[in-house]
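Following: one structure in structure tokens, then a few remarks.
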Amino acid sequence: MKVSLFITCLADMMYPEVGESVVRLLHKYGCEVDFPELQTCCGQPAFNSGYQDEARVVARQWIRAFEHSDYIVSPSGSCTGMIHHYYPQLFEGEPEWKAKAEALIAKTYEFSQFLVQVLGVTDVGASFPHKATYHPSCHAMRLLGVKTEPAELMSRIHGLELVELPHKEDCCGFGGTFAVKMADMSEAMVCEKAKHVLETNADVLVGTDMGCLMNIEGRLNKEGKPIRVMHLAQLLEQGGTSR
């Protein structure tokens with residue numbers, strides 16, 4: 001099975017180790033992974049800020065980069081959600097580009113979705129004897145419907161004590177450009193989220209979007225209460241190497 005990695009801006013620039021974990025896990029299950037070098041931003045920051053023309057330019061580049069891929073996998077529900085839900089809207093007046101976008105949507109998956117739904121994997125043989133809590137990101141959960149897949153994967157990690165995060169479905173306040181445009185509101189939201197994370201007494205905070213995890217980790221560090229933050233792919237891959 002041939003898979004193209006869509007790394008996303010944030011992971012590429014700040015968390016490349018997340019992409020490395022994704023690739024190692026995909027290799028483990030027989031996937032041939034490539035990295036289209038033409039890939040760039042999905043266009044979400046421009047789109048969310050109201051710059052639809054600029055977002056279309058970036059989205060066309062993204063489509064060109066992946067149009068020959070068999071499957072596209074990303075460690076971000078947010079960026080995957082942008083492609084699934086807003087590309088058709090972006091290209092509503094351009095039938096050729098809309099058709100190209102829809103063809104790619106059908107084979108573009110968030111990482112945990114791909115593992116469970118396409119590869120049929122729910123147990124990667126990982127061992128991680130620590131207490132963890134899980135933050136479900138808004139876009140993965142609400143736009144893509146990623147709800148059961150991360151839980152299925154984590155429930156089969158040997159030794160992992162998974163503690164439910166209070167008010168887990170509340171937004172962390174990041175929201176990409178929202179955190180910049182509505183900084184005061186964003187800060188209030190992440191303070192509340194950090195408080196709930198601390199209530200779990202977890203050693204590790206797990207998520208599927210590094211934007212959310214970066215935001216929460218930043219708040220926890222600011223309060224002098226650092227908790228280890230891990231993308232789900234890192235948890236599964238590192239747990240597999242320790243067993």
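Some notes on this structure:
- Cα lying deepest toward the dipole's positive end in the chain, options 205, 58, 144, charges on Cβ: 205
- The alpha-carbon positions of the stretch 58-192 define a convex hull whose volume is 125 Å³ per residue.
- For the listed peptides 69-77, 163-171, 188-196, a ranking on the average number of other beta carbons within 10 Å per residue, highest first, reads 69-77, 188-196, 163-171.
- Check: the stretch 2-118 dipole with +1 on Lys, Arg Cβ and -1 on Asp, Glu Cβ, in debye: 180 debye
- If you take the alpha carbon atoms of the chain and fit the smallest convex hull around them, that volume is 111 Å³ per residue.
- Lysine pairs meeting the criterion (Cα under 24 Å, 8 or more apart or interchain), as found in the stretch 131-241: 21
- Over the stretch 2-118, the hull volume per residue, using the convex hull of the C-alpha atoms, is 90 Å³.
- Think of it as helices only: each DSSP H run of n ≥ 4 in the chain is worth -39500 (n - 2.57), and spread over all residues that comes to -14000 deg cm²/dmol at 222 nm.
- Here's the picture: charge each Lys and Arg Cβ at +1 and each Asp and Glu Cβ at -1 in the chain, and of 22, 39, 93 the one pushed furthest to the positive end of that dipole is 22.
- The stretch 73-180 - charge dipole about Cα centre, Lys and Arg +1 at Cβ, Asp and Glu -1, debye rounded to 20: 100 debye
Every number here is computed from the coordinates shown, using simple stated rules; none is lab data. Bear in mind the structure is a predicted one, so any value in this text is a computation, not a measurement. Cβ atoms come from the backbone with ideal geometry, glycine included; neighbour counts cover every protein chain shown.
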